[in-house]
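**Q** Before I ask anything, here is the structure I am working with.
The values are calculated or read from the model by the stated rules, or taken from the named source; none is laboratory data. Please read all numbers here as calculations on a predicted model, not as lab measurements. Note: ideal-geometry Cβ built from the backbone for every residue, glycine included; neighbour counts use all protein chains shown.
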Amino acid sequence: MELIKERIEVIKHGNDSGSFIAYWTSNTLRANNNYSLKFASEIALEKNLPLKIFFYHNESHYNCIDRHTIVLLSGLIELVHELNYFGHELEFVNTIDGLEGLNLTDCHTIIIDKTYTKRSNDYTLELLKNYDTNIISIDNLYLPAKLISNKQEYSAATFRRKYYKTTSSLIDLTFDISRELSKVKRIKSVENTKEKILKALANLKDKFIETVNLNKNGAYTSKENLNVFLIENLSNYEENSSKPEFEFVSKLSKDLHYGFISPAYIIKELILRKLDFSSSFIEQLLIRRELSFNYTLNNKNYNNVNGLPDWSLKTLNDHSSDEREYVYNFSDFEDAKTHDEYWNAAQNEMLRSGYMHGYMRMYWGKKILEWSDSFKEAHSIALKLNNKYQLDGRSPNGYVGVSWCYGLHDRGWKEREVFGKIRYMNKNGLDRKFDMQRYVDRVGKL
Ligand SMILES: Cc1cc2nc3c(=O)[nH]c(=O)nc-3n(C[C@H](O)[C@H](O)[C@H](O)COP(=O)(O)OP(=O)(O)OC[C@H]3O[C@@H](n4cnc5c(N)ncnc54)[C@H](O)[C@@H]3O)c2cc1C
């Protein structure tokens, strides 16, 4: 228990009665390295009650296109297999079953995964409000954001200092769920979960994605993805990960977003393989990623321009009436119909694969700012596209990534038209640094 004490947040005290413990899995779709499941198992053992593990599926809540649901549901199938391996089942509660499908009336304690976006959090608590059960949320970040800082951090530098000062005793790199989970009594599901999920998957398809196997996702697949990265690309990461013409990156952002894999597991693999892991990969995985959670936790306007730092709002407002050389609307951007073939290639990479190379994301976001009527509209367009098409979108990283293009976690630069003091990027810079034709050709093959 000691290990996860700092990860616990008691949301509600119930009447402390009930005949089972429940774990509602939502953003941590794996069995191993899952602190929520570990905690739920420990309570079930302590109270000698069986454990129900379930996923609540409500498509209309996600309000997203099929690509996201395909990834989610296929990941759930791998979770079913993983839980079966430990002698447990996953209950799949589909929204068509209505709220009664939750069957939580006689639940003693319900464990939920902590979420860092208000929409998910409010939604979960709204669904649970009529149940008189204990509700506990568990944080599955590498280090819970509230422990590092209780305020919005100004930059990666200020966050990094605090991050490395925070104790690492909260992380158990040898963490294995099998001991607890195999001892816990299970609740047998009356339905065949896998069949139910496959049925929900049956008619889903994405009109753009052809070359990526959207159906191959989950805890097992993400470990394979990590393996490929460690063997083939890690040694090149430090020097070449920023080059969009290559793919010397992990592409683990989707797996991290859905919780198919945990950062702790990735770090453990780096250590076990005695790899000379590059500091820049750790910087991205721990500092940059968890800085995003610090932002969404501490800034209620994380999803709009009002969350931006004062200096950037001021400079953008000062330049709001500057003439724009090009102005595009949402559909022009969405259909990749700008005058710039590099920008269009980036947009197409996202449309056709659900992923865009990290360096191109910065260029992509900056150009939407440059070519929109106003910076407010630009921010909203970028966020909409990012959340709609990136498989790692709708996450703290997505909100922060877009806002970074508008000065968040950055500093002022030389003042110029439209951007004011916001950092600028241009096409010549891409040509100078990278083999952009190779990037355009790579995307052309998707
Ligand atoms: C406009 C814009 C939008 C973005 N939208 C998203 C998004 O929706 N979802 C998302 O996960 N990231 C987003 N990012 C951040 C970053 O570009 C991606 O995390 C990264 O490119 C994912 O690719 P990868 O997994 O191959 O990264 P790798 O380079 O292999 O890095 C490993 C992991 O570190 C984390 N990471 C890497 N770069 C960053 C970063 N700059 N900030 C925070 N975490 C990082 C990711 O979890 C990533 O999977 C965005 C950045 C920008 C500028």
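**Q** Condition first: part of a helix (DSSP H, G or I), in contact (Cβ under 8 Å) with a residue 12 or more places away in the chain and more than 9 Å from the ligand (Cβ to nearest atom). Now tell me which residues in the range 344-359 satisfy that.
**A** Scanning the range 344-359 gives A345, A346, Q347, N348, E349, M350, L351, R352, S353.
**Q** Just a yes or no: is a residue in the range 9-31 assigned to a strand (DSSP E or B), of a type in the set (D, E) and over 25 Å from E100 (Cβ atoms)? Step through it out loud before you land on a result.
**A** Within the range 9-31, the subset assigned to a strand (DSSP E or B) is 9-12, 20-24.
Keeping just the survivors that are of a type in the set (D, E) gives 9.
Add one more test, that the residue is over 25 Å from E100 (Cβ atoms), and what stays is 9.
Yes: one or more hits.
**Q** What are the residues in the range 373-389 that are hydroxyl-bearing (S, T, Y) and surrounded by fewer than 24 Cβ atoms within 10 Å (Cβ to Cβ), if any?
**A** S374, S380
**Q** Checking M362 against (1) within 12 Å of the ligand (Cβ to nearest atom); (2) surrounded by 22 or more Cβ atoms within 10 Å (Cβ to Cβ); (3) under 28 Å from G444 (Cα atoms), which single condition isn't satisfied?
**A** (2)
**Q** Restricting to the range 178-206, count the residues that are over 16 Å from L83 (Cα atoms), touching a Leu at 6+ places or on another chain (Cβ under 9 Å) and not in a helix (DSSP H, G or I).
**A** 3
**Q** Here is a check on your reading of the model: is F39 in a helix (DSSP H, G or I) and either of a type outside the set (A, V, I, L, M) or touching a residue at least 24 places away in the same chain (Cβ under 8 Å) (or both)?
**A** Considered against the rule, which asks whether it is in a helix (DSSP H, G or I) and either of a type outside the set (A, V, I, L, M) or touching a residue at least 24 places away in the same chain (Cβ under 8 Å) (or both), F39 comes out as yes.
**Q** Got a number for residues in the range 385-440 being away from the ligand (no atom under 12 Å from the Cβ) and in a helix (DSSP H, G or I)?
**A** So the answer is 12.
**Q** Residue under question is H108, and the condition is that it be of a type outside the set (D, E), on the phi < 0 side of the Ramachandran plot and part of a strand (DSSP E or B); does it hold?
**A** yes
**Q** Has the range 236-253 got any residue that is of a type in the set (K, R), surrounded by 14 or more Cβ atoms within 10 Å (Cβ to Cβ), within 16 Å of the ligand (Cβ to nearest atom) and at pLDDT below 95?
**A** Residues of the range 236-253 of a type in the set (K, R): 243, 251.
From what is left, the residues that are surrounded by 14 or more Cβ atoms within 10 Å (Cβ to Cβ) are 243, 251.
Pick out the ones that are also within 16 Å of the ligand (Cβ to nearest atom) and you get 243, 251.
Restricting the remaining residues to those that are at pLDDT below 95 gives none.
Within the range 236-253 (the criterion being of a type in the set (K, R), surrounded by 14 or more Cβ atoms within 10 Å (Cβ to Cβ), within 16 Å of the ligand (Cβ to nearest atom) and at pLDDT below 95), the answer is no, since none of the residues qualifies.
**Q** Here is a follow-up. Select from the range 19-72 the residues that are more than 23 Å from I266 (Cα to Cα) and of a type in the set (V, I, T) and write down the one among them that is surrounded by the most Cβ atoms within 10 Å (Cβ to Cβ).
**A** I21
**Q** When you check L270 against the structure, is it in contact with a Phe, Trp or Tyr (Cβ under 7 Å, 6 or more places away or on another chain) and either near the ligand (Cβ under 8 Å from one of its atoms) or not hydroxyl-bearing (S, T, Y) (or both), yes or no?
**A** Against the criterion (in contact with a Phe, Trp or Tyr (Cβ under 7 Å, 6 or more places away or on another chain) and either near the ligand (Cβ under 8 Å from one of its atoms) or not hydroxyl-bearing (S, T, Y) (or both)), L270 qualifies.
**Q** Since I111 meets every condition but one in (1) under 18 Å from the mean Cα position of the chain (by Cα); (2) farther than 21 Å from K194 by Cβ, which condition does it not meet?
**A** (1)
**Q** Further, regarding this structure: With (1) touching a Ser or Thr at 6+ places or on another chain (Cβ under 7 Å); (2) crowded, with 23+ Cβ neighbours inside 10 Å as the list, and I368 as the residue in question, which single condition is left unmet?
**A** (1)
**Q** Starting from the range 111-125, keep only residues that are in contact (Cβ under 8 Å) with a residue 12 or more places away in the chain, then list their pairs with residues that are exposed (fewer than 15 other Cβ atoms within 10 Å of the Cβ) and assigned to a helix (DSSP H, G or I) whose Cβ atoms are within a distance under 7 Å, requiring at least 6 positions of separation or different chains.
**A** Y123/H61
**Q** May I pose another question? Please determine whether any residue of the range 424-441 is in contact with an Asp or Glu (Cβ under 7 Å, 6 or more places away or on another chain) and either under 17 Å from L316 (Cα atoms) or outside the structural domain of R352 (by TED's automatic domain parsing) (or both).
**A** Checked against the condition, which is being in contact with an Asp or Glu (Cβ under 7 Å, 6 or more places away or on another chain) and either under 17 Å from L316 (Cα atoms) or outside the structural domain of R352 (by TED's automatic domain parsing) (or both), the range 424-441 yields no hits at all.
**Q** Find the residue count for the range 260-308, including only residues that are assigned to a loop (DSSP other than H, G, I, E, B) and surrounded by fewer than 18 Cβ atoms within 10 Å (Cβ to Cβ).
**A** 8
**Q** Continuing with this model, one more query. Please enumerate the residues belonging to the range 363-384 that are within 23 Å of N428 (Cα to Cα) and outside any helix (DSSP H, G or I).
**A** Matches in the range 363-384: W371, S372.
**Q** Now a separate question. Restricting to the range 207-222, count the residues that are part of a helix (DSSP H, G or I), of a type outside the set (S, T, N, Q) and either surrounded by 19 or more Cβ atoms within 10 Å (Cβ to Cβ) or in the same structural domain as A31 (by TED's automatic domain parsing) (or both).
**A** Residues flagged as part of a helix (DSSP H, G or I), of a type outside the set (S, T, N, Q) and either surrounded by 19 or more Cβ atoms within 10 Å (Cβ to Cβ) or in the same structural domain as A31 (by TED's automatic domain parsing) (or both) within the range 207-222 amount to 1.
**Q** If you don't mind, another one. Looking for whichever is more than 24 Å from T28 (Cα to Cα) and assigned to a helix (DSSP H, G or I) here; the options are E232, E245. Which one fits?
**A** Being more than 24 Å from T28 (Cα to Cα) and assigned to a helix (DSSP H, G or I) holds for just one of E232, E245, which is E232.
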